[in-house]
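Participant: Can you read through this structure? Questions will come right after.
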Amino acid sequence: MKDKAFLRKQVLEHLRLYSDLGVRWMRAPEPRRKSAPRKPESQRSAAPPVAMADTRPAAAKIAVNASMFDVVPSSDESLDAIRKELGDCRRCKLAPTRTNIVFGAGNPHADLMFVGEAPGADEDEQGLPFVGRAGQLLTKIIESTGMRRDDVYICNILKCRPPGNRNPETDEIASCEQFLFRQIAAVKPKIICALGAFGAQTLLRTTQPIGRLRGQLIDYRGAKLVATFHPAYLLRNPIEKRKVWEDMQIVRNYLLSIQAANSTK
Ligand code: URA
C-alpha cells in the first residue's frame, strides 16, 4: 500500500488542479452503503447514459446546422503523409515570417482532439503546439478530463504563426484548413474540443460568439464537438475558468459514456 505522505501529496495536487480551474467547492462523498449483491453480467441492463453537465438555460442553446457536418470523412491517410504533403508550405503569406511549421502533436489515435487557433512565439520557435503559458494551462485542462497530455492530439487551425500574434485572416484559414480537416479524418477522434472563437467558428462554420457556442455537445463529422474558451483568454480572465471546467465535464462524461457502452457489449 502506498504510504500516507504520498497519498496526501497526490490529493493535494489534485485539489490544486481543481482550484486552478476555478472550482471553489466540492460535495463530500456519500458514506458508503453496503452494496446489494452484484447481478451476473447476463442479467445486467446497459449502463444508463451519463448525465451531461449543460449549465446554460435551454433557450440559450445554439442550433448549429449539424447536417453540414454529417459526412464522416473516411480516410486511410496517415498524419505522416499529411505532414509530408504540407512540406515546407508556402501556400499563404505567413510563410516568410514563421520560424517553424507547427503541425500538431500527441496520440495519432486519440479519442480526444484539441484544436486551437494558431501558434504563438514559443510554438513558432519549438515547432510544437501549446508549449507556452497557455499551453501549461491547457495541460491542466486536459487533466481535468481524466486524461494525460500524451493521450490526446493537439493542433491548430493555422500551422504558422501570424506576425505579432494577430488574428488569423480569412485567406490564411482558407489555405490551411484542408490540412486540419485531413488531420481530423486521420486521427478519428470521438470528441473534438475547439479552443476559443477562431477554433470553434472555423470548425462549425458559424459566426456565433464562443460564449454561446460553449456548454453543449454538438454533432460533428461523425464525432462530437465541445467548444470552450481559449486558455490564453483564461489567463486574462481567470473568472471564466469555472465554465471551462464545466465544459470539460461534458467531454469527460461523454468519453465515460462511450467506455461504459463498450464495456457492456
Ligand atoms: N495558442 C494557440 O491557439 N495555439 C497554440 O499552439 C499556442 C497558443
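FYI, it's all coordinate maths here, none of it is from the lab. For clarity, every value in this text was computed on a predicted model and none was experimentally measured. Methodologically, a virtual Cβ is constructed for each residue, glycine included, from the backbone with ideal geometry; neighbour enumeration extends over all protein chains shown.
Participant: Within region 74-260, how many Lys pairs that are eight or more residues apart, or on different chains, come under 30 Å at the alpha-carbon?
Facilitator: 26
Participant: Averaging sequence separations of C-alpha pairs under 8 Å and six or more residues apart, then dividing by the length of region 74-260, give the relative contact order as a whole percent. Each step should come with its number before you reach the end.
Facilitator: Numbers: 326 pairs, mean separation 45.8, N = 187.
Value for region 74-260: 24 percent.
Participant: First check a/c for region 155-265, with a ≥ b ≥ c the square roots of the eigenvalues of its C-alpha gyration tensor; if it is under 1.5, answer rounded, and if not, answer prolate when a/b is larger than b/c or oblate otherwise.
Facilitator: oblate
Participant: For region 74-260, I need the span (max minus min coordinate) of the C-alpha atoms along each principal axis, in Å, sorted largest to smallest.
Facilitator: 45, 40, 30
Participant: On to the next question. So which chymotrypsin sites (Phe, Trp or Tyr not before Pro) in region 210-265 pass both tests, a DSSP loop state and at most 12 other Cβ atoms within 10 Å of the Cβ?
Facilitator: Details: sites: Tyr220, Phe229, Tyr233, Trp245, Tyr254; in loops: Phe229.
Hits after loop and neighbour filter: nothing returned.
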